[in-house]
Amino acid sequence: MSTSFKNVTPTGPGGTTTLLIVLSFTGFLLITQALFVVPSGQVAVVTTLGKVSGPSRRAGLNFKVPFIQSVYPFDIKTQVQPEKFETLTKDLQVIRATATVKYSVKPQEAGRIFATIASRNSDVYQKIVQPSLLKALKSVFSQYELETIATEFAVISEKVGDTVAQELNSFDYVDVKSLDLTGLEIAEEYRAAIEQKQIAGQQLLRAKTEVEIAEQEALRYETLNESLDDQVLFKLFLDKWDGSTQVVPGLPGSMGGSPPVIVGGNRNK
């Protein structure tokens with residue numbers, strides 16, 4: 001029994017079809033490997049055999065060398081990260097609060113971030129932002145006593161934000177949009193002591209204000225008394241006299257021990 005084999009040559013009809021299928025598949029594979037899309041709000045770091053190659057790729061359709069170059073995305077949208085922290089004040093009291101920092105990766109710095117400090121987008125906060133944030137929090141709060149922190153928390157929060165921004169700007173990896181400090185927690189006994197001190201201060205201020213008002217009133221009356229001579233009193237009487245009053249003071253400068261008056265139309269001395 002003999003078996004016949006069909007001879008397929010590359011130049012034959014069957015060989016041409018097979019070659020076209022192989023070339024089409026290879027071309028499709030190369031295209032899918034060569035083209036990639038960067039979504040809006042991201043940039044892509046391209047590496048050639050593990051080394052960062054060229055600037056960060058922006059949103060849209062991009063090209064890379066298949067099988068040789070790799071792509072690593074980084075978010076450049078504003079990130080919001082809350083951080084609970086605990087630190088010491090100048091008078092060695094423990095405070096707790098939450099720092100919420102808003103930041104974004106600088107698009108042009110994504111390649112440098114990948115090459116030097118964070119190979120993944122998720123590592124940016126942990127390796128870049130968080131260390132500078134905690135350092136700034138400890139540095140600023142250690143300059144103030146607990147009472148000052150409790151009464152001027154908003155002002156100190158602004159200083160912390162400025163310090164964090166300066167710290168991160170020195171590395172030039174990210175932009176700090178804002179920083180909010182909320183939920184200040186201090187020991188209850190210290191909070192009560194601060195409140196009592198504030199109440200006492202308000203009472204003292206109120207007492208001082210009342211004394212100042214009384215002193216100003218006394219000075220006003222003293223000045224008024226010094227200015228009330230006979231002529232002023234006579235002028236005030238005339239301004240108010242209705243013309244029918246039977247008792248009228250004498251003119252300023254009248255001779256005699258007492259000013260003359262008119263009673264019932266008669267002039268007496």
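No value in this document is a laboratory result; all are computed from the given coordinates. Remember, predicted model here, so these are calculated numbers, not experimental data. Methodologically, a virtual Cβ is constructed for each residue, glycine included, from the backbone with ideal geometry; neighbour enumeration extends over all protein chains shown.
Go ahead and run the numbers for FRET between F36 and F85, Cβ-Cβ distance against an R0 of 51 Å, rounding to 0.05.
Computed FRET efficiency for F36 and F85 comes out at 0.85.
Using only the Cα atoms, what convex hull volume per residue in Å³ does the range 79-186 have?
Each residue corresponds to 85 Å³ of Cα convex hull volume.
If packing is taken as the average number of other Cβ atoms within 10 Å across a peptide's residues, how do 39-45, 151-157 rank, most packed first?
Values: 39-45: 17.0, 151-157: 14.1.
Highest to lowest by the protection proxy: 39-45, 151-157.
Volume per residue, Å³, of the convex hull around the alpha-carbon atoms of the range 17-124? If you can, show how the numbers build up before the last one.
On the way: hull volume 13.5 nm³, N = 108.
Expressed per residue, the convex hull around the Cα atoms of the range 17-124 is 125 Å³.
Exactly which chymotrypsin sites (Phe, Trp or Tyr not before Pro) in the range 60-97 are in a DSSP loop and have at most 15 other Cβ atoms within 10 Å? Numbers along the way, then the final one.
On the way: sites: F63, F67, F74, F85; in loops: F67.
In loop regions of the range 60-97 (DSSP not H, G, I, E or B), the sparsely surrounded chymotrypsin sites (Phe, Trp or Tyr not before Pro) are F67.
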